[in-house]
Structures are given as structure tokens and as C-alpha cells.
1. Could you list LEU168, LEU143 so that the one with the fewest beta carbons within 10 Å of its beta carbon is first and the one with the most is last?
2. Which of rounded, prolate, oblate describes the range 221-361, given a ≥ b ≥ c as roots of the alpha-carbon gyration tensor eigenvalues and a/c under 1.5 marking rounded, otherwise prolate only if a/b is larger than b/c?
3. Under 15 Å from the Cβ of GLY90, count the other residues' Cβ atoms, weight Lys and Arg +1, Asp and Glu -1, and hand me the total.
4. Calculate the FRET efficiency for SER116 and ASN240 from the Cβ-Cβ distance with a Förster distance of 22 Å, rounded to the nearest 0.05.
5. How far apart, in nm, are two points set 7 Å out from the Cα along the Cα-to-Cβ line at SER170 and at ASN280?
6. Could you list ARG127, ARG323 in order of exposure, starting from the residue whose Cβ has the fewest other Cβ atoms within 10 Å?
7. If you filter the range 350-383 for trypsin sites (Lys or Arg not before Pro), then keep DSSP loop positions with at most 14 other Cβ within 10 Å, what is left?
8. Taking the dipole about the Cα centre of the range 155-260, with the C-beta of Lys and Arg at +1 and of Asp and Glu at -1, give me whichever of GLY197, PRO177, GLY207 is farthest to the positive side.
Amino acid sequence: MSSPSFPTDSSTPPSPSSLVESPPDSFSPSISPSSSPTTPVPSTPSNPPTTSPPSPVVDSPTNTPTSPVSPSSTPPNSSNPPRPSGLRVGFYQGLCPTPNVDVEATITTKVQQLFSKDATLLPALLRMQFHDCFVHGCDASILLDGPSSEKTAGPNLSVRGYEFIDTLKSVAEEECPDVVSCADIIAIATKELIKLGGGPGYSLQTGRKDGLVSTQDVKLPSPFATVTESILAFGEKNFNPEEMLLLIAGGHTIGKSHCSFFQDRLYEGTSQFDPNMDSNLREQLSGTCPQGTNSDNFTFLDQNPLSSSKFDNSFLDQLLNGRGILPIDQALSRDSQTSSFVLQYAQNPALFNAKFASVMIKLQALDVLLGDQGQIRKVCSKVN
């Protein structure tokens, strides 16, 4: 079974091929594609960035968002400034028609406004970013409409946030037409939402191009996999066990899961019964997910009620106390390949934030399209 390891956000229960959901206080309805299906056009194969991602500049969660660093480029008053190649901080400086426009700051401001009305945008975009990057790289292919696009694959049926990205794209196009890619808009929004939700700020490189192909061949790590199987899945994308742990913990610190993903851990005689689960949690969950039923009820992945909707390291502390929900989550604290990382980051929230920022920079640079590859879509849901 192939399934994601980041939160899902859906107003309807997901099938076992999707994973966990955002907090229930502000569900968004399923979002219909904004345009008719588009047949994907083959594109140049994606390549990794030509330079290694930089060490993150991590801000306190309460600080003002990091301002982009102006790169050396053609002066802003150039009528047709050349577009740089490669990922860089402040990539769009000098590329907009109006001099001195900071389009990334404009997008960030809009993200802040929308987050103030809907805090569940954070788990939604964390999941969208993960699902996009893990399938053919961070190229916004998950946004493309089509009868056989990534949107239609089982693990992506409950992905949400498409209208949010469309809104940000409209803001970018109004200020800086035909310049900012949809792939960069996902990255900018995810980065800012992490900080708004209580997580670390970091300097984001931009310069991604949008892909031209979107297919249903979506292969994502499963919540039912063993730790070894998960390490192999993440290893295929060049993430080591520690980085895997950080990505899962960051994705699950604010998510929730339906009964179908953990019900068998509660009852003796089932294939995944966990006798070591915290007894109070087992009793609580037995009421949420009665044995022998197909309940669509849910519970938070972080069982600390003061932290279940906030980005922090509390999720890891819950694992150490036998209060993990998903099979893979609890296994991370018990397997010798990852248990030391769980303990280390549960005890040191500042270190967790710094390391998570670093691995997010790496994730967001995964197999990106650069330079002459791909395109800048005018509308995120279809190729030009």
C-alpha cells in the first residue's frame, strides 16, 4: 500500500491510500479544479539544483519573516532583465516590470492574511509540498488538472489548498506578470506557514520552474511500513534516517488520522495490536474507534491537547510515552535506527527547529526544474 507520511486535509474520510488530516475546527470543502482537464505535454527530465542548498538561517517563530537578500543581477530599471539560472535567495529581485517591487514579500503578506482566517492551511500546504516534491520533484505538477494527473491518484484525493495557491498566483501575476512560478509559490507559502504555525523561519531559495507533466504514478511512503521500509523509501530521494525522522515529525506534529489507520493497534487478535501503547490512550481511542466498526472518527497525531494544532516537537515526546497513533510513528521511537533521534529532538526543541529548517530546504530543492527547463505557468492548473 502506498500512502503519504504528511498530513491530509479533507472534509470527507480518506481511503487507506491517503494518510492524516488537518485539525477539525476548520475543514475546507473538496475543491473542484478551476479549469477543464489538460493533457500533459512531455518535458525535459528534471535535474537537481546545480548548487547544494545553503545552511538555513533560522529565525525565532515570533520574528518578522526573513527578508530576501538581493542578488547581483541586472539593474531593476532594465526593461527586460535576464532571468538568472539556478536556485538563489531573492531570485525575483529586479525581474518585475515595476522597479523595486518585492513580489516574494507581497506573496508572503497574502499568506499571512489568509492564515489568520484559516490556520489549517499549514497542514494542507505541508502535505501538498511533500506530495509534489516526492513525485518527480518540486515542479508544481500536483496542481495540474487532467483525467490522469497526480491530483487523481489515491494518495492525493484529499489534498487541499489549490484555491489558496490560485489566490497567491493571482496576487503575483497582478504585480509581476509571467515571472513567478507556481512551484515557487508553493515553496514560499509553505515556508511562511511553518513560521506562522509556531515553527522555524529560514531563508528560502527560489527560481524553480513549473513542470509540464503530471501522471498518476504516485509512489509515497506508507503509514503501515516498517522503519526499514520507510528508510529505503526516503533513501531513494536521498534522505537519510535522521532527515526522514525530521520530515515525518514535522508533518505529523499538527495532523490527525482517521480510525482506519490505527484501529488495529487497539485490539488483541489484530495484525497490528500494540500491547505497549499507553493504557489511558488505548481506552480513549477504543471509544473513538469501537472494535468491529468502520468508524470515520479521527484523533490528533500529537496527543498533547495544548500542542496538537501547533508546530513544535511535542509529537516526539508523545512517542516516547507510548502515545503514538500511526504504526510508523510509534515504531520510530522503538527502532534502533531512529530511536536516538526521537529522544534527541524531543529533548531539544531549538535543535529540532534548526534541523527541520535544514531538511525543508533540502526537500524544497528536490529534483527542481531550472533555467530553460519547464515553464512559468500563467495558470497553475494547466500548462501554457
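Taken together, the values in this text are just the output of simple stated rules run on the coordinates, not laboratory data. Because the structure is a prediction, the values reported are computed rather than measured. Because the Cβ atoms are built from the backbone with ideal geometry, glycine has one as well, and the counts that use them run over all protein chains shown.
1. By the 10 Å Cβ count, ascending, the order reads LEU168, LEU143.
2. It is prolate, given that a/c is not under 1.5 and a/b is the larger ratio.
3. +1
4. 0.05
5. 4.8
6. The fewest-first ordering by Cβ neighbours comes to ARG323, ARG127.
7. Within the range 350-383, the qualifying trypsin sites (Lys or Arg not before Pro) (loop, at most 14 other Cβ atoms within 10 Å) are LYS378.
8. GLY197
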